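Below: one structure, written as structure tokens.
Bear in mind that the values in this text are calculations on the coordinates, not laboratory data. These numbers were taken from a predicted model, which means no experiment stands behind them. A quick note on method: Cβ atoms are made from the backbone with ideal geometry, for glycine too, and the neighbour counts reach across all protein chains shown.
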There are 2 protein chains.
Amino acid sequence: MRSVIQHLEESRIREVANAGMGRPDVLAFWFGESDEPTPEAVRRAAIASIERGETFYAHNLGLPTLREALAAYMTELHGAIGPERIAVTSGGVSALMIAMQALVDPGDEVVVVTPVWPNLIAQPQILGATVHTVALAPDAQGRWRLDLVALREAVGPRTRMLVLNAPNNPTGWTLTQQEQRAILDHCRATGTWILADEVYERLFYGAEAGACAPSFLDIAEPDDRLVVAHSFSKSFLMTGWRLGWLVLPPAMTAAIGKLIEFNTSCASVFSQQAGLEALAREAEITPRVQQHLQRCRDTLVPALQCVPGLQVAAAPGGMYAFFRLPGHPDALQTAKRLVVEAGLGLAPGCAFGEAGQGWLRWCFASRDPQRLLEGVGRLRRWLAL
Amino acid sequence: MRSVIQHLEESRIREVANAGMGRPDVLAFWFGESDEPTPEAVRRAAIASIERGETFYAHNLGLPTLREALAAYMTELHGAIGPERIAVTSGGVSALMIAMQALVDPGDEVVVVTPVWPNLIAQPQILGATVHTVALAPDAQGRWRLDLVALREAVGPRTRMLVLNAPNNPTGWTLTQQEQRAILDHCRATGTWILADEVYERLFYGAEAGACAPSFLDIAEPDDRLVVAHSFSKSFLMTGWRLGWLVLPPAMTAAIGKLIEFNTSCASVFSQQAGLEALAREAEITPRVQQHLQRCRDTLVPALQCVPGLQVAAAPGGMYAFFRLPGHPDALQTAKRLVVEAGLGLAPGCAFGEAGQGWLRWCFASRDPQRLLEGVGRLRRWLAL
């Protein structure tokens, strides 16, 4: 096997989850997924499609109707975006992998802002690129910040691609429009591609219902070196459907169609029909998801803040509380101990790069917010042991 | 964009299909897919899963129940194969891409036997490998043969991987057990990995019902440098489900799990439940598919053989008739003319590599074999023009 593949880091989250195997009493908040199934109407659309016998291959780039609906959805959020810029993929992770295949040659330099979902570091490594990281840093309150000066220093003309995930998994850090402008200006000057993973954009807890985090699409031109990856997973409770999409410079779409052919051929038609129904019901699904998650966040974070010495802030976006416990510097060890000794399943921050060492990620997407408080109770009892 | 991606060949099949856009009168046999939807019982299993709300992430390597059922299915066909050697993927194409990511470093040399499904050439190119081809050659009757001497010359210690697709798309060529032994022996000596795309193994037209083409799994040891790619698409009429699997050396499975995480995360649970039902009903589905396709082949090929000068043989496997028309050396041009002038949709042989130039591929997987004869009638009338 390739040495780069052998050395790809095993998921530290799974390592912790494995420590909890066969313990049905564990309250698990380790995975980035709501415990609520996909809305019934969306499931019905897929069932109707399967009943109609829509079990054949489809267009590489997605059903034309779905591409148009996605273009209309993106246009509503970010200004005019045509279907010729949309490619439907088998999940957000496949969208990101295919975008990297299109842009990253072996030996290329890729810069990734961390802590981050480990897939965004592994993908360029699989393609033979060299990955450099720029670390966010927490302030005293536990709010994570980007050092723009450090980012500008790290991204130069030799940098093929800058990868950003904001709202961020695991920290909840969200880019401001001003920061996006500064990054776009810099990358235009260096000729660097921006790959923006914006799958959490609708899990943004602003003042108004139905809000959306700032997006690079709000400020970029269609022909900018910008690719934005999206997913139905978070905003529509559709993790298991493996359905995502890319927003592309129009000149890139045909090549992405080829890459979809060579990676997965196409997304299942019935899953695409589910996506189409989800978009048609977006106004009833997504604001409800968002409001519920805000309630979850506002249940969990204040309860965590009452734990003496615990460092955490209510993040503006995402579905995670990222926090630090005093006197527990090794996150992997702490997370494993919490599983075994407290029955509490969290993800260790070191799973998201060195910058996350010592921190723990708590996914607060819970149908029943009481579960979150029960989890905090377990944490408190464990700390008091 | 990467130059290697820009230069990936556009699908010549799609180029022909595009020439037929908006012509509902075209009889299309260009894609490698039956026109029969997935069996009802299989679709019911997926519907039940969706109704139960199985819309969450699943294990990277697939549901344990499905891995066990696949291991039992493979064991029945090829001798003992345990679930620890099975990885469930999002389609056969994803299985192949992930296997290549595990094994092929940028700059590596990969040898592919052609004519072949173009994806098998594009995938190593995407990963930065150098691709060499070994061409099958047709005899006077239109039967395709492998030149073992040429293959042994092409595969040396510097060859990282040999890619074989048999039963073959597009020619129907099928490896004999003897040839497989010779290839395995040679690759053991050179240290070359064999990636065998055996998705058509059950579309094999031997004497007995339910037969199976010879497989490298019949003769290899578990720890041989052999990876076999499979799919539910052909044997179970499940193209649109995007469900496949790999049979791996046991030491490789964990790394493949990581690569699945970074490519697609997992296959949808409801699609995996459909696969599980398909395997449970294998004895009622697959032999029927096979017998029907044999009837299709034995309807189409003799009718083609009656066309003066046309060169074609009944292939032992697959679902294609691959044939040559005298006086029509440019397959792409011929296929385009056939669409426009005869209303007949075929795939040009040059889509499958230089070795296929001048040939045409006819997918005979048709619910109604009469459609095949109507197609031959159109071909004859066009030739008589």
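Note the distances from B:ASP105 to each other copy's matching label point, with points 7 Å along the Cα-to-beta-carbon direction, in nm, sorted shortest first.
Once sorted, the set of distances for B:ASP105 reads 1.9 nm.
So how do A:212-225, B:86-99, A:13-26, A:367-380 stack up, highest first, on mean other-Cβ count within 10 Å?
Highest-to-lowest ranking by the protection proxy: B:86-99, A:212-225, A:367-380, A:13-26.
In a shell of Cβ-Cβ distance under 12 Å around A:PRO250, excluding A:PRO250 itself, what net charge do Lys and Arg (+1) and Asp and Glu (-1) give?
Spelling it out: positives minus negatives among the neighbours equals -3.
Working only with C-alpha atoms, what are the Rg and Dmax values of the range B:157-200, expressed in angstrom?
Answer for the range B:157-200, Rg first and Dmax second: 10.9, 30 Å.
The range A:313-385 to the range B:51-119: how many Å between their Cα centroids?
About 35 Å separates the Cα centre of the range A:313-385 from the one of the range B:51-119.
Mind checking which helices in chain B clear 24 Å along their axis (Cα) and have mean Kyte-Doolittle hydropathy of -1.0 or more, DSSP H runs only?
B:282-305
May I ask for the equivalent-ellipsoid semi-axes of chain B, computed as the square root of five times each C-alpha gyration tensor eigenvalue and listed largest first in whole Å?
Sorted largest first and rounded, they come to 32, 26, 20 Å.
Report for the protein assembly as shown the percent antiparallel among DSSP-assigned beta bridges with both residues inside it, nearest 5.
Just about 50 percent of them are antiparallel.
What does the convex hull of the Cα atoms come to per residue for the range B:222-266, in Å³?
Measuring per residue, one finds 78 Å³ for the Cα hull of the range B:222-266.
Along the axis that rotates chain A into chain B, which residue of chain A has the nearest beta-carbon, and what is the gap in whole Å?
Checking which Cβ lies nearest the axis yields A:PRO106, 2.
Just to confirm a number: summing +1 for Lys and Arg and -1 for Asp and Glu over residues other than A:LEU184 whose beta-carbon lies under 11 angstrom from that of A:LEU184, what do you get?
Surrounding charge for A:LEU184 is -2.
How would you rank A:GLU284, B:GLU36, going from fewest to most other Cβ atoms within 10 Å of each one's own Cβ?
A:GLU284, B:GLU36
Local charge sum around B:ALA315 (other residues, Cβ-Cβ under 13 Å, Lys/Arg +1, Asp/Glu -1)?
Here the charged neighbours net out to +2.
Placing the label point 7 Å from Cα along the Cα-to-Cβ direction, what are the distances from A:ARG367 to the equivalent spots in the other copies, shortest first, in nm to one decimal?
So the label point of A:ARG367 gives 3.8 nm to the other copies.
Express as a percent, rounded to the nearest 5, the fraction of DSSP beta bridges in chain A (both residues included) that run antiparallel.
Taking every DSSP beta bridge within chain A, about 50 percent pair in antiparallel fashion.
At a threshold of 8 angstrom on Cα-Cα distance, excluding pairs fewer than six apart, so keeping six or more, what relative contact order does chain B reach in percent?
Details: 798 pairs, mean separation 97.7, N = 385.
Result for chain B is 25 percent.
Give the distance, in whole Å, between the Cα centre of the range B:1-42 and the Cα centre of the range A:23-48.
The range B:1-42 and the range A:23-48 have Cα centres spaced 35 Å from each other.
Hey, what's the per residue convex hull volume over the C-alpha atoms of the range A:105-235, in cubic angstrom?
It is 115 Å³ per residue.
When all alpha-carbon pairs of the protein assembly as shown are counted, what percent fall beyond 44 Å?
Taking all Cα-Cα pairs of the protein assembly as shown, the fraction more than 44 Å apart is 25 percent.
Springs between alpha-carbon pairs under 10 angstrom, Gaussian network model over chain A: which of A:THR55, A:THR159, A:THR38 fluctuates most?
Maximum fluctuation in the GNM of chain A, among the listed residues, is at A:THR55.
When ranked by the protection proxy of mean other Cβ atoms within 10 Å per residue, highest first, what sequence do the peptides A:247-259, B:325-337 form? Each step should come with its number before you reach the end.
Values: A:247-259: 19.6, B:325-337: 17.2.
Highest to lowest by the protection proxy: A:247-259, B:325-337.
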